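Below is one structure, written out as structure tokens, with a few remarks after it.
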Amino acid sequence: QKKKLLEELGENRLPYMTPADADFHQLWKTKYTKLVFRKSDTVPEELHQMVQKGFLTLREHGCFFQDLVRIKGKDFLTPVSRILIGNPGCTYKYLNTRLFTVPWPTEGYDIKYCSPQIHDACKALIRLNDYLHIEAVKALQGQNLFETKEIKDTAVTDRQQSSPTSLTDQGSVSKDQSVVCVPEDDSVSLKNRTSYNLTLLNYMDPLQMLYLKQEPYFGMGNMAVSWHHDENLAERSAVAVYSYSCEDSSVEESNDQELKGRDPAVWHVGLKVAWDIETPGLAVPLHQGDCYLMLDDLNMTHQHCVLAGLSPRFSSTHRVADCSRGTLEYIFGRCELALQNLQTDSDSVALSLKSLEAAVVKQAEEIHNEVEFEWLRQFWFQGKRYLKCTDWWLKPMAKLEEFWRKMEIMTSLILSEIQKQQEFEEQRSETISCFLLVLKERQKLRKEWTAR
């Protein structure tokens with residue numbers, strides 16, 4: 001799609017707007033209504049101080065890391081350095097790389113941090129998380145973007161279109177909106193779509209970067225993060241972003257009235273309708289402590305990028321990660337399911353298999369692959385770096401390794417049983433073909449990971 005779009009454009013560039021353009025707010029109101037902005041002066045000062053101090057602490061302790069991601073079979077280091085902080089045992093996967101949360105302080109969990117300062121930084125981020133959750137609920141209620149079973153007509157859409165979202169939005173919900181009665185089902189949906197379980201923190205100093213990609217469609221300048229949809233999110237969940245660019249006297253905003261397009265000294269978030277060349281793009285400036293929310297299905301229908309300014313910048317991007325396959329609870333449950341087929345004879349220490357049915361063997365071996373390639377190798381590939389913050393993951397990883405060793409034994413037992421088993425030829429050949437497919441996949445992935 002990207003190639004086709006660039007070919008269509010040739011040497012031309014698509015139009016985009018910034019607040020300097022007369023039609024900027026009209027464009028936002030009609031085409032980007034699910035982007036909501038909160039200026040820094042609407043956020044409590046105490047929260048700003050806690051969060052910004054937390055960012056600087058994590059940088060001082062060397063807790064931001066470039067990720068080695070995989071795109072179309074090739075590995076790339078991200079220009080932006082990152083750290084994932086969130087619910088204990090949660091992970092977040094993007095571009096074939098699984099990140100493991102540095103857990104924020106959570107009741108009922110024994111989390112030992114490497115220093116009191118790192119504890120305080122994580123505590124500040126859970127405070128910010130709670131604040132942004134409330135802001136997202138208010139914003140969704142304000143735009144009536146929750147689903148209602150009673151109202152399915154176009155009136156809702158009309159009402160959304162007529163409610164402008166502007167840069168001067170002070171983050172308050174008008175009186176008539178604040179008393180919107182949300183049906184019970186919808187309040188559950190609202191909560192589910194705004195209850196952030198983690199934040200992906202980003203840091204970049206553009207002046208330390210030898211090369212940054214140029215924005216290809218609109219000519220917006222240097223990009224810190226290319227055009228994308230956020231991955232691995234709960235369906236139609238809101239994303240909330242807190243931006244902190246370390247502005248100082250050496251990086252001034254340009255006062256040049258002749259400047260066309262966005263000011264290259266200032267960080268911006270860019271938005272465009274996905275794969276559309278009719279609608280102009282949007283470049284919204286981001287100053288110290290500004291926040292923005294991407295509501296409902298905006299992340300699916302639109303793409304966004306981050307345009308680099310000149311000063312170093314942190315951001316905290318709060319997400320409802322789809323954790324259906326990404327928590328410790330989930331993977332431990334899968335291990336227990338696989339190991340149900342392993343039996344220890346009561347009168348000896350010998351291990352044996354309860355069943356050689358093709359479906360049972362296939363399930364156990366697929367779980368074996370999942371543990372090895374989605375968890376153990378993903379963790380140890382880049383996971384030692386988490387020790388700069390906490391050793392929390394070491395115990396669960398040791399437990400997973402113990403499960404994996406038992407699964408290796410199960411694989412050996414299947415091989416020896418298949419060689420012995422001569423009767424039930426049809427069942428045997430079905431088991432062998434299922435088993436062989438998973439083993440081939442394991443061999444291929446082991447070679448890939450060794451190369452990485």
Check off (1) out of contact with any Pro (no Cβ under 8 Å at 6 or more places or on another chain); (2) buried (at least 19 other Cβ atoms within 10 Å of the Cβ) for Gly86 and give me the number that stays unchecked. (1)
Failed item, numbered, when Phe65 is tested on (1) out of contact with any helix residue (DSSP H, G or I) (no Cβ under 6 Å at 6 or more places or on another chain); (2) touching a residue at least 12 places away in the same chain (Cβ under 8 Å); (3) within 15 Å of Asn202 (Cα to Cα): (1)
In this structure, does Thr91 turn out to be of a type in the set (Ser, Thr, Tyr) and surrounded by fewer than 18 Cβ atoms within 10 Å (Cβ to Cβ)? no
Residue count, segment 101-117, condition part of a helix (DSSP H, G or I) and either outside the structural domain of Glu60 (by the TED database) or surrounded by 13 or more Cβ atoms within 10 Å (Cβ to Cβ) (or both), comes to 1
Test His368 against the stated conditions and say whether it is assigned to a strand (DSSP E or B), open to solvent by less than 60 Å² (accessible area, probe 1.4 Å) and not hydroxyl-bearing (Ser, Thr, Tyr). no
Determine whether Lys74 is among the charged types (D, E, K, R), open to solvent by 10 Å² or more (accessible area, probe 1.4 Å) and touching a residue at least 12 places away in the same chain (Cβ under 8 Å). no
Among the residues of segment 42-49, is any surrounded by fewer than 17 Cβ atoms within 10 Å (Cβ to Cβ), under 27 Å from the mean Cα position of the chain (by Cα) and of a type in the set (Ser, Thr, Tyr)? yes
Among Leu190, Leu212, which is in contact with a helix residue (DSSP H, G or I) (Cβ under 7 Å, 6 or more places away or on another chain), assigned to a loop (DSSP other than H, G, I, E, B) and surrounded by 14 or more Cβ atoms within 10 Å (Cβ to Cβ)? Leu212
Is it true that Thr327 is open to solvent by 20 Å² or more (accessible area, probe 1.4 Å), at pLDDT 95 or above, in contact with a strand residue (DSSP E or B) (Cβ under 7 Å, 6 or more places away or on another chain) and not basic (Lys, Arg)? yes
Of the residues in segment 256-287 that are over 20 Å from Asp23 (Cβ atoms) and modelled with pLDDT under 90, the one that is farthest from the chain's Cα centre (by Cα) is Asp256
Quick check on my filter: what residues within segment 121-143 are out of contact with any helix residue (DSSP H, G or I) (no Cβ under 7 Å at 6 or more places or on another chain) and open to solvent by 20 Å² or more (accessible area, probe 1.4 Å)? Lys123, Ile126, Asp130, Ile134, Lys138
Here is a check on your reading of the model: is Val69 open to solvent by less than 30 Å² (accessible area, probe 1.4 Å), among the aliphatic types (A, V, I, L, M) and under 20 Å from Arg377 (Cα atoms)? yes
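The values are calculated or read from the model by the stated rules, or taken from the named source; none is laboratory data. Since this is a predicted model, take the numbers as computed values, not measurements. Using ideal geometry, Cβ is built from the backbone for each residue, glycine included, and neighbour counts are taken over all protein chains shown. In case anyone asks, the SASA skips ligands and DNA or RNA and just uses the protein heavy atoms, side chains included. Shrake-Rupley method; radii C 1.70, N 1.55, O 1.52, S 1.80 Å.
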